[in-house]
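Peer 1: Got a structure here, written out as structure tokens. Questions coming.
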Amino acid sequence: MSDLFRHRSPYSWSLRVGTGRRVLDLPLIAWLTVIWTLLWGTLSWANLVNGVLVAVAVCLAFPLPAVDLGLRLRPLGILRLGAFLLHDMFSSSLRVTRQIFAEDPYHAAVVAVPLRGRSDLMLTATAVAVSNVPGGSIIELRRATATLFVHVLDADDPGAIESARRQVWRVEELVARAFGTAGDIALVARPVPAPEGDQSP
């Protein structure tokens, strides 16, 4: 078996057509089917089946190289990530609301959080998940060092800064266990790296 097909995405099928091979990428077929249905403007079984047939024909007629994006769908991991984010959104919303109505001023900070994963997909997914939680805006993602710079509202207590870091690392682990490869999961199981430092306004 060649390297091309050994590292292919698990969501792809390969077909031998004549002397060559054609790759049927299931996410691409699903996306082309959605586009076909939207173009017709009517959701029906006929449009759905025709969309799948047209998508398969397009993939066979215009083959693309097999590319593994590093995406794996793990249902249990996705449920855990969703439950964690919902709980985090609720508790963070209460915390932010309490800070808004508090009379005492609060000090914000930008916290550098070095991540353990290195793939673009895991870095992006972690940044998106963290930024969806109130009070956890992403200022910058430094790809070269896999470092997230997170804006933290309540930075008076050093324990709050460390808690923000632990929260990001927890999200990174859950994202990897929901969508990552076995290599991504092994990386997030390692000890957390030392932070680069904090920048406070």
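The values are calculated or read from the model by the stated rules, or taken from the named source; none is laboratory data. Treat the numbers as computed from the prediction; the structure is a model and nothing was measured. Ideal geometry is used to build each Cβ from the backbone, glycine not excepted, and the neighbour counts take in all protein chains shown.
Peer 1: Testing Ser91 on (1) under 21 Å from Ala178 (Cβ atoms); (2) surrounded by 16 or more Cβ atoms within 10 Å (Cβ to Cβ), one condition comes back false. Which one is that?
Peer 2: It fails just one condition, (2).
Peer 1: Follow-up. Specify the residue that is surrounded by the fewest Cβ atoms within 10 Å (Cβ to Cβ); the eligible residues are those in the stretch 178-201 that are among the acidic types (Asp, Glu) and either modelled with pLDDT of 85 or more or touching a helix residue (DSSP H, G or I) at 6+ places or on another chain (Cβ under 7 Å) (or both).
Peer 2: If we take residues in the stretch 178-201 being among the acidic types (Asp, Glu) and either modelled with pLDDT of 85 or more or touching a helix residue (DSSP H, G or I) at 6+ places or on another chain (Cβ under 7 Å) (or both), then Asp198 is surrounded by the fewest Cβ atoms within 10 Å (Cβ to Cβ).
Peer 1: How many residues does the stretch 104-145 contain that are over 21 Å from Ser92 (Cα atoms) and either in contact with a helix residue (DSSP H, G or I) (Cβ under 6 Å, 6 or more places away or on another chain) or small (Gly, Ala, Ser) (or both)?
Peer 2: 7
Peer 1: If you scan the stretch 128-186, which residues turn out to be over 24 Å from Gly70 (Cβ atoms) and in contact with a Gly (Cβ under 7 Å, 6 or more places away or on another chain)?
Peer 2: Leu153
Peer 1: Let me ask something additional. Please work out which residue is surrounded by the most Cβ atoms within 10 Å (Cβ to Cβ), limiting yourself to the stretch 136-177 and to residues that are more than 30 Å from Arg98 (Cβ to Cβ) and in contact (Cβ under 8 Å) with a residue 24 or more places away in the chain.
Peer 2: Top of the filtered list is Ala176.
Peer 1: Please give the number of the condition Arg16 fails out of (1) exposed (fewer than 12 other Cβ atoms within 10 Å of the Cβ); (2) modelled with pLDDT of 75 or more.
Peer 2: The one condition Arg16 does not meet is (2).
Peer 1: Can I ask one more? Exactly one of these conditions fails for Phe101: (1) surrounded by 11 or more Cβ atoms within 10 Å (Cβ to Cβ); (2) out of contact with any strand residue (DSSP E or B) (no Cβ under 8 Å at 6 or more places or on another chain). Give me its number.
Peer 2: Here Phe101 clears every test but (1).
Peer 1: Is it the case that some residue within the stretch 67-88 is of a type in the set (Gly, Ala, Ser), surrounded by 13 or more Cβ atoms within 10 Å (Cβ to Cβ) and over 20 Å from Glu173 (Cα atoms)?
Peer 2: No.
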